[in-house]
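Here's the structure, in structure tokens; my notes come after.
The values are calculated or read from the model by the stated rules, or taken from the named source; none is laboratory data. Small disclaimer: the values here were computed from a predicted structure and weren't measured. Cβ atoms come from the backbone with ideal geometry, glycine included; neighbour counts cover every protein chain shown. What goes into the accessible areas is simple: the full protein's heavy atoms, side chains included, and nothing from ligands, DNA or RNA. Shrake-Rupley method; radii C 1.70, N 1.55, O 1.52, S 1.80 Å.
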Amino acid sequence: MSSLFRLQEWFMDVVATPVGEDEPAWWLTDRRGHPLGGIRTIPGSNAVTIVPRTGGRLSSVPAHHASLDDALTTIGERVGSTCELNPI
């Protein structure tokens, strides 16, 4: 495997796309649309939980975060790039 391929595999942008208008949850994908998991709000709070795809790149990310922004920052740090909201 070439070094360039390994770098591309390690560094990836992640996009959080709202599941629906009335649902406080987001799908997580890379820029190519590959599924990485999701984020959902903990009922009654601003806290969120990251739900990684089984065996995926986010499986070692801490699950609970005080806010969506905290979760996006943690994901970005884990993948060595960015994690941003898709405004749709």
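Per-structure values
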| quantity | calculated |
| --- | --- |
| Nearest 10 degrees, 0 to 90: helix 68-79 Cα axis against the chain principal axis | 10 |
| Spacing of the two label points (7 Å from each Cα toward its C-beta) at ALA47 and LEU85, in nm | 2.1 |
| Dipole magnitude of the chain about its Cα centre (Cβ charges: Lys, Arg +1; Asp, Glu -1), debye to nearest 20 | 400 |
| Length-normalised contact order for the chain - Cα pairs under 8 Å, 6+ apart - percent | 28 |
| Heavy-atom surface of the chain, accessible at 1.4 Å and reported per residue (Å²) | 65 |
| Top of THR73, THR29, THR49 by mean-square fluctuation, Gaussian network on the chain, Cα under 10 Å | THR73 |
| Loop GluC sites (Glu not before Pro), segment 7-82 (other Cβ atoms within 10 Å of the site Cβ: 12 or fewer; DSSP) | GLU21 |
| Estimated 222 nm signal from helices in the chain, with DSSP H stretches of n ≥ 4 weighted -39500 (n - 2.57), rounded to 500 | -6500 deg cm²/dmol |
| The chain - percent of accessible surface contributed by carbon and sulfur, probe 1.4 Å | 55 |
| Over the chain: Rg over Rh, Cα atoms, Kirkwood Rh | 0.99 |
